[in-house]
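**Q** Attaching a single structure in structure tokens format; questions to follow.
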Amino acid sequence: MILFKKAIRSMLRHKKAYISCIVLMALGVWTYATMNTALLEIEKGKDGYYKEQRLGDAFASVAQIPKTALTYLEAIEGIAQVDGRVVETFRVIMPDYPDDVIKLKTISTIMDTNNRRLNAYVRDGNDLSSIEDILIGHDFYQAYDFVPGDRVTLIIRQRTYDFTVQGSIYSPEYVYIVENINEFFSDTTKYNIAYMDEVVLMSLLGMEGLYNDLSFSFEEGYDYDDVKDELEHALKKYGLIELYERDDLFSYLMLEEEISSGRSMSTTLPMTFVAMAAVVLYLMLKRIIEQDRTQIGTLKAFGYANTTILYHYIFYGFVTGLIGTIVGILISMASIGPYIQFYLDYYKIPIGTVVTDYRYYYVGGFMSIIGGSVGAYFGAKNVVKLKPAEAMRPKAPRPIKKDITHMLPFLKYILNSRGFMAVRNITRNKIRSGFVVLGIVFSYSMMVMIGMMNGFVDTMFYNQFTHVLKYDGEIVLNESVPYAQGVQSAMAMEQVNYVEGILTLPVMISNGFKKSGTELVGIKEGNYLYKLYDDERHFNLKLNKDGVILGSILAKKLEVKKGDRVFLSSPYLSQDQELYVTEVVSQSIGSSAYIDLSLLSKLTGQDMKLNSLIVQSGDMDGIRKELLYSGTVSKVESKDKTLELYETLLGSYDFIIVVLQFIAVIIGFTIIYNTAVISLSERSREYATLRVLGLHIKEVKEIMSFEYWILCFIGILLGIPFARVLNQGLLNAIEVDAFSWPSTIPTSAFFIGAAGCMLAVAFANLTSIKAIKKLDLVEVLKERE
């Protein structure tokens, strides 16, 4: 009981330092339990969703394939089932949003008692019951306040058709919905999915008995590589556009990447917090042992065993870890719901009631308590070596063999006496100084990466919309038209100042066994409005009529470089083509290939055509209104509107960045403040002596603050290469078709990290001044040292 009371008094006396340790422990438990629980629920929901709704193992897009051909495809060894669908995107007329281009990617399904080809499930409302019925994506359904029985109008083949909305729907193929893989953000209010009866959709498109999209399920024991070659050969005669496995399904890939990166963070981040708290406890207990030498000697003289005294000090770390665990669990229980919802806002996965997995609370608590106990043990383990007689007298000063001021004589020309004291203290307390530097390195690197993320998104869109897309808007056509005809038609509009045409075709590009479906963008020689800007080299690349230019994301995926040869296949090309890779353009957004339009015309065996018009205009709204109901126009996009959309969608992202930056500053402050408190307790007699000798509080403060500014400077210098190593790790780990992680860190990110660390040091120094002011000179000088 005596030792218990002593422990409580000691912890209350150093309550600020212990509270800082508890905060770090709580952060560790909170991040571990919350992130792992959320990811477990997302993963369980995803796996159950994919299995229940029979997400295919592979997918294919073709020009047209008869229903009867599915039976022959199912005869291929390893293919268990083939589902055929008609998939087409249609414009939606929304009377309350006359200026918006809204689309639904419509997928056919068979209406029967089991909905056996639905590959989706009804979220709200009713199922299909009539040929006029339609089911729409759940987010779209909610955004426009649809209820069963409402009517929605689609433009199909230049005619309008009304359908009855029966309910909302989710599909495992579209957990993350974008119109194409080159889009960075999902806007489900402008582009979503819909399901309607197969017979109706075939009839409207003039495709009776024909499919253009296939989903394959494999027999047990077979994978994509086992059936790929035979399947590809069988589908070529039906105009194969794209064939890919489930792992390359864009929405599947995005979700898997999110879960994978989350798993990595859910282990490393909590362990970092706990490790920092353990080191702080280690430093603190070392000092407490020195302060308690006389008490320890007295306890040993009265017969207390070494293990009893050691357990007494380990108790400090145990209690710190226990309180941190309790606080972390309470915060986690309150935040797990919003954290899961954050994922669900982007990934459309049905999740039932969240079942708390207490395993993560146990593991997080164990990690926190063990971390605290281990830190306390290493800080207090020397207590067993103390003998009662030795403990009764002050510890002998350590001999100083090397003095940095003698080793670096030039310091005497740039430092005053207070500066000398600060420098000596750094070299004489290497462990404590090293920990401060390590903490600053971690905080600085974290803030650099966060600052880079913020700047990366801004720069990514800035480069895309200023250097690459130099036009004001784009008019996308339903079908390709002769180049001259399309340009003349656009120039006839009074709102258009200048226009160019591009031709975009879906192709499969392969390099040996590496294949990827992408967009092949044909650009006319001498183009002005569409540039191939290299983000790393900072200049525009010129198209070469001898080959193709690949985006850096695509080139990395195919493992090709400049000078290599790739094969292009598409139903729109006269035959498979082999071309040289003339350049690889570094791009942050998109995964496309680029080719001279005249060369593309030769490959298609047709005259020069276009299917998109890029224009300069000061009145994109006027163009949109004029072409809104045109049967030949698929959509009209304004660059300004797109930027506004991205800025809106980035609102929550910016908030997360600010929160992460705040956490990084708190970490830096906690580390520096704790070491400052320890240093102050170690050197209180020294500071009191200086005060008695006539130094003002401000002058005494300068000694401590100068010491931490030096350590901050060293930490920042070491943090620069460490941040680059972290960035290289992220560069190798992130593989997403929508964007690429930059290989270089912008200078602004380094300044953001430095500013954050300096803010933490300044705040820690400010709080230390109060502690120096509170020093009771008489009491301090009466203490034994």
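**Q** Please work out if Asn511 is among the polar types (S, T, N, Q), surrounded by fewer than 19 Cβ atoms within 10 Å (Cβ to Cβ) and farther than 13 Å from Val585 by Cα. Working first, answer last.
**A** On the way: among the polar types (S, T, N, Q): yes; surrounded by fewer than 19 Cβ atoms within 10 Å (Cβ to Cβ): yes; farther than 13 Å from Val585 by Cα: yes.
It is true that Asn511 is among the polar types (S, T, N, Q), surrounded by fewer than 19 Cβ atoms within 10 Å (Cβ to Cβ) and farther than 13 Å from Val585 by Cα.
**Q** Regarding Asp226, is this residue touching a strand residue (DSSP E or B) at 6+ places or on another chain (Cβ under 9 Å) and either on the phi < 0 side of the Ramachandran plot or part of a helix (DSSP H, G or I) (or both)? Give the derivation first.
**A** On the way: touching a strand residue (DSSP E or B) at 6+ places or on another chain (Cβ under 9 Å): yes; either on the phi < 0 side of the Ramachandran plot or part of a helix (DSSP H, G or I) (or both): yes.
Yes, satisfied.
**Q** Can I ask one more? Find the strands (runs of 3 or more DSSP E) located wholly in the stretch 546-608 whose residues include 1 or more that are under 30 Å from Tyr238 (Cβ atoms) and touching a residue at least 40 places away in the same chain (Cβ under 8 Å), and list them. Spell out how you get there, then give the answer.
**A** Values: elements: 547-551, 565-569, 577-585, 593-596.
In the stretch 546-608, the matching strands (runs of 3 or more DSSP E) lie at 547-551, 565-569, 593-596.
**Q** Given the conditions (1) among the charged types (D, E, K, R); (2) under 27 Å from Ile326 (Cα atoms); (3) surrounded by fewer than 19 Cβ atoms within 10 Å (Cβ to Cβ), and given that Glu41 satisfies all but one, which numbered condition is not satisfied?
**A** Status for Glu41: all satisfied but (3).
**Q** Answer yes or no: is there a residue in the stretch 134-156 that is surrounded by fewer than 21 Cβ atoms within 10 Å (Cβ to Cβ), touching a residue at least 60 places away in the same chain (Cβ under 8 Å) and more than 25 Å from Asn180 (Cβ to Cβ).
**A** no
**Q** Tell me whether the stretch 78-100 contains one or more residues that are of a type in the set (Ser, Thr, Tyr), at pLDDT below 90, assigned to a loop (DSSP other than H, G, I, E, B) and surrounded by fewer than 19 Cβ atoms within 10 Å (Cβ to Cβ).
**A** yes
**Q** Could you tell me whether the stretch 288-302 includes any residue that is surrounded by fewer than 17 Cβ atoms within 10 Å (Cβ to Cβ) and either outside any helix (DSSP H, G or I) or aromatic (Phe, Trp, Tyr) (or both)?
**A** Looking for residues that are surrounded by fewer than 17 Cβ atoms within 10 Å (Cβ to Cβ) and either outside any helix (DSSP H, G or I) or aromatic (Phe, Trp, Tyr) (or both), one finds at least one in the stretch 288-302, hence yes.
**Q** Does the stretch 1-38 hold any residues that are among the basic types (Lys, Arg) and surrounded by 21 or more Cβ atoms within 10 Å (Cβ to Cβ), and which are they? So that I can check it myself, show each step before the final result.
**A** We begin by selecting, within the stretch 1-38, every residue among the basic types (Lys, Arg); these are 5-6, 9, 13, 15-16.
Passing the criteria: none in range.
**Q** Within the stretch 217-233, is even one residue within 38 Å of the chain's Cα centre (by Cα), surrounded by 15 or more Cβ atoms within 10 Å (Cβ to Cβ) and either within 22 Å of Asn478 (Cβ to Cβ) or not assigned by TED's automatic domain parsing to the domain that holds Ile134 (or both)?
**A** No: zero hits.
**Q** If Ser264 meets every condition in (1) modelled with pLDDT under 85; (2) more than 26 Å from Lys430 (Cα to Cα); (3) surrounded by 17 or more Cβ atoms within 10 Å (Cβ to Cβ); (4) under 40 Å from the mean Cα position of the chain (by Cα) apart from one, which number is that one?
**A** Ser264 satisfies all of (1) modelled with pLDDT under 85; (2) more than 26 Å from Lys430 (Cα to Cα); (3) surrounded by 17 or more Cβ atoms within 10 Å (Cβ to Cβ); (4) under 40 Å from the mean Cα position of the chain (by Cα) except (3).
**Q** Also: What's the number of the only condition in (1) assigned to a loop (DSSP other than H, G, I, E, B); (2) touching a residue at least 60 places away in the same chain (Cβ under 8 Å) that Glu208 fails to meet?
**A** (2)
**Q** Report, by residue number, each residue of the stretch 717-748 that is at pLDDT 80 or above and surrounded by 22 or more Cβ atoms within 10 Å (Cβ to Cβ).
**A** Gly719, Ala723, listed by residue number.
**Q** How about the stretch 495-538: which strands (runs of 3 or more DSSP E) wholly inside it have at least 2 residues that are over 29 Å from Leu243 (Cα atoms)? Break it down into steps so the answer makes sense when it comes.
**A** Values: elements: 496-511, 514-523, 532-534.
Hits in the stretch 495-538: 496-511, 532-534.
The values are calculated or read from the model by the stated rules, or taken from the named source; none is laboratory data. All values reported here derive from a predicted model rather than from experimental measurement. Backbone-built Cβ (ideal geometry, glycine too); neighbour counts: all protein chains shown.
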